[in-house]
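**Student:** My questions will all concern the structure given below.
The values are calculated or read from the model by the stated rules, or taken from the named source; none is laboratory data. The structure presented is a predicted model; accordingly, all values stated were derived computationally and were not measured. Here the Cβ is made from the backbone with ideal geometry for all residues, glycine too, and neighbour counts use every protein chain on show. The accessibility values were calculated without ligands, DNA or RNA, using every heavy atom of the protein model including side chains. Shrake-Rupley method; radii C 1.70, N 1.55, O 1.52, S 1.80 Å.
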Amino acid sequence: MQVKALPGFREFYPPDAALRNHIFSAWRTVATRYGFEEYDGPPLEPLELYTQKSGPEIVSQLFEFIDKGDRHVALRPEMTPTLARMVTARAPALKKPIRWFSIPQLFRYEKQQKGRLREHFQLNMDLIGEPGPLADAEIIAAAIDIQRALGLGTGDVRVRVSDRRLLTALIEAAGFPEDRVSIAYEAIDKIERVPREELLRRLREAVPAGGNPAAAERVLALAEVRGRGSLDQALGRHPEAAPASEELIEAIDALDSMGLGEFIEIDLSIVRGLAYYTGIVFELFDAQRSLRAICGGGRYDGLLKALGGVDLPAVGFGMGDVVLGELLKSRSAAGEALRRLDAFLVAVTVEDRPTVLALAHALRDRGLSIEFALKEQAVARQLRIAASRPAKRAVVIGPDERKQGAAVVRDMSTGTEERVPVATLADYLAGGTAGDA
RNA sequence: GUGGCUGUAGCUCAAUCGGUUAGAGCGCCGGACUGUGGCUCCGGAGGUCGGGGGUUCAAGUCCCCUCAGCCACCCCA
């Protein structure tokens, strides 16, 4: 039995690698379009880098070990601590706001499921040094434009947006104890997974005797706020929370102005598990809601400082390649990256081979993608290979052609042939319109 | 980490009540076809039926263990 790949680790056969490159290319294109610069860091880091942020519980979910120098190390499960360290180290010299992106391969030791492996690539885009809601809007817009660049529209993906400042204000306005907000967060986060009665029970338990008896119901009602009208109603019931809605409204208005409003839904049930988010939080989903989140992010103004770094506000997101790839495959928007040769060179006889080799090399030097038969084969066989590559054209070189200093160029999709002088062959192949060239 | 479902060729699947040498389509390789592909026809390679153990005259089929995948939980990238 051959040794298999480890569970949760992928092998990329050429079609898979093509899809991955397609996704990476969209990531880089859009990030660059938004003025973001690429960075990278070490894939292996000291374990403390992660425990200081997430606590010792994180260790069970990491690929971690003791190296030969007795260092406790971990394969990186996320990019943010590395980013924080890099930004902090050069913070005084970096022009603000900092717009950086990276495409790290990340690792987690968890039981795998569909869309969730032990390894994945994740686009990280972060905008550091700008506290205002236009920065949030930029980040969300970039996440959406990546979907658009991949051919996905409002019928395919949606963004659900909330704001922790607003949600906290509403929870408190609902009469829920201020020191128990995290319990309210947890209940709201689980609104789609845990029965309503169970959540109510947990919330009631958190309200002390003598507290507001209606608080639990009101908190749960917040989790059902969807859309602007619904938010306005909630703010009508709790007017003291209204000032906390300003940033969210401003960011959404900005996205409207960009023409991306159709993608956006206010959804106060979006909490995000991570404790360090301080403002706007958002998630990107497929419209059918049949897959896991494509992308999640938000504002984390206190995190860099908490990690022992500079005190700069920040907003960003992570977008994995796994769910996105599944969505593209299900939408059959994945296959455009099909490889095509510019030409397949056919040698009619062995005596034609030196000419074919010389020609192949000259054409490759011109940047054309060229193949030829690696052994003596019938012309019919060589053409069959050319068709299956697939090649846009076949270039046939036989004794007659050599005498004339020409080649027969066959368009493989139409079957039409043309006699082309060898001297102009490269231009002919490069400039032609055969197939979908 | 917990629980449930599923594992037959590269892919999608079939194989009667437990019965003889596990099949098909697609794909792959070759031939019909020694200067013209796609169509057609013919042939071939490819399986330790996920792995191990057990029951039985006999196991792809039944039982146990294990591994892997999928689903839910946990957690979230």
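**Student:** Looking at A:Ile171, A:Ile146, can you tell me which residue is within 19 Å of A:Ala275 (Cα to Cα) and either of a type in the set (Val, Ile, Thr) or outside the structural domain of A:Pro243 (by TED's automatic domain parsing) (or both)?
**Tutor:** Among A:Ile171, A:Ile146, only A:Ile171 is within 19 Å of A:Ala275 (Cα to Cα) and either of a type in the set (Val, Ile, Thr) or outside the structural domain of A:Pro243 (by TED's automatic domain parsing) (or both).
**Student:** Taking interchain pairs and intrachain pairs at least six residues apart, which have beta carbon atoms under 9 angstrom, with the first residue in region A:362-373 and within 13 Å of A:Pro390 (Cα to Cα) and assigned by TED's automatic domain parsing to the domain that holds A:Ile397 and the second in a loop (DSSP other than H, G, I, E, B) and of a type in the set (Lys, Arg)?
**Tutor:** Close Cβ pairs (under 9 Å, with a partner that is in a loop (DSSP other than H, G, I, E, B) and of a type in the set (Lys, Arg)) amount to A:Ser369/A:Arg339; A:Ser369/A:Arg340; A:Glu371/A:Arg389.
**Student:** A follow-up question, please. I'd like to verify a number: residues in region A:94-128 that are among the polar types (S, T, N, Q) and either under 16 Å from the mean Cα position of the chain (by Cα) or open to solvent by less than 40 Å² (accessible area, probe 1.4 Å) (or both), how many?
**Tutor:** Adding up the residues that qualify gives 4.
**Student:** Residues that are in a helix (DSSP H, G or I) and either charged (D, E, K, R) or at pLDDT 90 or above (or both): does region A:108-130 have at least one?
**Tutor:** No, because not a single residue in region A:108-130 is in a helix (DSSP H, G or I) and either charged (D, E, K, R) or at pLDDT 90 or above (or both).
**Student:** On to the next question. Considering only region A:39-66, how many residues are within 11 Å of RNA strand B (Cβ to nearest atom) and at pLDDT below 85?
**Tutor:** Residues that pass the stated criteria total 6.
**Student:** For region A:353-388: of the residues being more than 19 Å from A:Glu417 (Cα to Cα) and within 12 Å of RNA strand B (Cβ to nearest atom), which is surrounded by the fewest Cβ atoms within 10 Å (Cβ to Cβ)?
**Tutor:** A:Lys375
**Student:** Ok, one more. Within the group A:Ala149, A:Ala89, A:Ala135, A:Ala74, which residue is over 18 Å from A:Gly35 (Cβ atoms) and more than 16 Å from RNA strand B (Cβ to nearest atom)?
**Tutor:** On the way: A:Ala149 fails: over 18 Å from A:Gly35 (Cβ atoms); A:Ala135 fails: over 18 Å from A:Gly35 (Cβ atoms); A:Ala74 fails: more than 16 Å from RNA strand B (Cβ to nearest atom).
Residue meeting the stated conditions: A:Ala89.
**Student:** If a residue has to be buried (at least 20 other Cβ atoms within 10 Å of the Cβ) and aliphatic (A, V, I, L, M) to count, how many in region A:50-93 make the cut?
**Tutor:** Counting residues in region A:50-93 that are buried (at least 20 other Cβ atoms within 10 Å of the Cβ) and aliphatic (A, V, I, L, M) gives 6.
**Student:** Being closer than 21 Å to A:Glu418 by Cα and more than 9 Å from RNA strand B (Cβ to nearest atom) is the filter here; which residues of region A:338-352 pass it?
**Tutor:** Hits for region A:338-352 are A:Arg340, A:Leu341, A:Asp342, A:Ala343, A:Phe344, A:Leu345, A:Ala347.
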